[in-house]
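Scroll down for the structure; my scribbles are underneath it.
The values are calculated or read from the model by the stated rules, or taken from the named source; none is laboratory data. Not measured: the values here are computed from a predicted model. As a convention, Cβ positions derive from the backbone with ideal geometry for all residues, glycine included, and neighbour counts pool all protein chains shown.
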Amino acid sequence: QVKLLQSGAALVKPGASVKMSCKASGYTFTDYWVSWVKQSHGKSLEWIGEIYPNSGATNFNEKFKGKATLTVDKSTSTAYMELSRLTSEDSAIYYCTRYDYGGYSHHYWGQGVMVTVSS
Amino acid sequence: DIVLTQSPATLSVTPGESVSLSCRASQGISTSIHWYQQKSNESPRLLIKYASQSISGIPSRFSGSGSGTDFTLSINRVESEDFSVYYCQQSYSLPRTFGGGTKLELK
């Protein structure tokens with residue numbers, strides 16, 4: 001079965017960067033886009049961007065350009081997101097997702113990574 | 001960006017009632033709308049894709065309808081496990097956007 005296993009919670013200082021991982025299993029990693037979604041405490045969901053592991057092609061929400069960097073390691077079926085120049089506004093839960101076959105509904109979700117930005 | 005407006009923000013119901021949750025898009029998006037349920041401290045779960053297509057493993061009391069700008073998620077006879085937050089999301093154009101959510105709570 002499809003699983004997305006994300007890395008653990010992170011406590012980071014303002015101005016620093018954080019890199020989180022999303023290890024995929026149960027399907028051919030290179031066949032599906034992986035997307036990333038932000039959820040601030042008590043708030044709705046924001047789409048950050050997506051990456052196609054086979055080619056490395058990416059699409060981003062303009063709001064997160066310069067903030068988020070998406071990469072993959074095909075050898076380990078792992079997607080990564082790095083967030084830079086962190087502020088308190090970046091404190092949130094970050095989910096990786098995989099779209100459904102042939103479409104762009106977020107069918108599979110990781111368990112989420114809680115990032116806390118604090119000095 | 002396409003804005004999705006969900007209403008109501010909160011819906012108070014008793015188990016056994018049937019409910020309809022609304023999602024309105026700021027421009028026409030055909031049937032490129034998807035619905036999610038999020039329980040407290042859990043990841044969202046896909047309920048309905050492309051406005052009305054069912055998802056394997058999701059109870060049949062959940063159904064979706066609509067096209068263009070107006071969409072509805074219906075729950076036939078709400079059960080206690082259904083009290084949570086529901087989000088719509090569009091995949092018609094980038095950036096993919098979500099609605100603000102509707103909280104279904106126990107009356």
Considering only the range A:59-72, I want to know if a residue exists there that is part of a strand (DSSP E or B), under 25 Å from B:W35 (Cα atoms) and at pLDDT 95 or above. yes
Test set (1) closer than 26 Å to A:C96 by Cα; (2) over 13 Å from the mean Cα position of the chain (by Cα); (3) acidic (D, E) - B:E105 fails condition number: (1)
Which pairs have Cβ atoms under 6 Å, sit 6 or more apart or on different chains, and link a residue in the range A:74-87 that is crowded, with 18+ Cβ neighbours inside 10 Å and of a type in the set (V, I, T) to one that is part of a strand (DSSP E or B) and at pLDDT 95 or above? A:T78/A:S21; A:T78/A:K23
Could you tell me whether any residue of the range B:64-83 is at the interface with chain A (Cβ under 10 Å from one of its Cβ atoms) and within 25 Å of A:K38 (Cβ to Cβ)? no
Filter the range B:52-107 for residues that are among the charged types (D, E, K, R) and part of a helix (DSSP H, G or I); which is surrounded by the fewest Cβ atoms within 10 Å (Cβ to Cβ)? B:E81
Any residue at all in the range B:20-27 that is surrounded by fewer than 14 Cβ atoms within 10 Å (Cβ to Cβ), assigned to a loop (DSSP other than H, G, I, E, B) and either more than 14 Å from chain A (Cβ to nearest Cβ) or in contact with a Phe, Trp or Tyr (Cβ under 9 Å, 6 or more places away or on another chain) (or both)? yes
Quick check on my filter: what residues within the range A:100-115 are assigned to a strand (DSSP E or B) and either at pLDDT 95 or above or surrounded by 21 or more Cβ atoms within 10 Å (Cβ to Cβ) (or both)? A:H106, A:Y108, A:W109, A:V113, A:M114, A:V115
Members of the range A:103-119 found to be under 24 Å from A:Y27 (Cβ atoms) and more than 10 Å from chain B (Cβ to nearest Cβ), listed by number: A:V113
Give me the pairs: first residue in the range A:1-26 and more than 21 Å from B:R45 (Cβ to Cβ), second residue basic (K, R) and not in a strand (DSSP E or B), beta-carbon distance under 7 Å, and six or more apart or on different chains, which are they? A:G15/A:R85
What are the residues in the range A:36-69 that are of a type in the set (D, E, K, R) and either farther than 16 Å from B:F98 by Cα or touching a Phe, Trp or Tyr at 6+ places or on another chain (Cβ under 8 Å) (or both), if any? A:K38, A:E46, A:E50, A:K65, A:K67
Across the range A:1-16, what is the number of residues that are of a type in the set (G, A, S) and exposed (fewer than 12 other Cβ atoms within 10 Å of the Cβ)? 2
Among the residues of the range A:59-70, write down those that are away from chain B (no Cβ under 11 Å) and either surrounded by 15 or more Cβ atoms within 10 Å (Cβ to Cβ) or closer than 17 Å to A:D31 by Cβ (or both). A:K67, A:A68, A:T69, A:L70
Complete set of residues in the range A:8-58 that are under 11 Å from A:A79 (Cα atoms) and either hydroxyl-bearing (S, T, Y) or at the interface with chain B (Cβ under 9 Å from one of its Cβ atoms) (or both): A:S21, A:T30, A:S35, A:E50, A:Y52
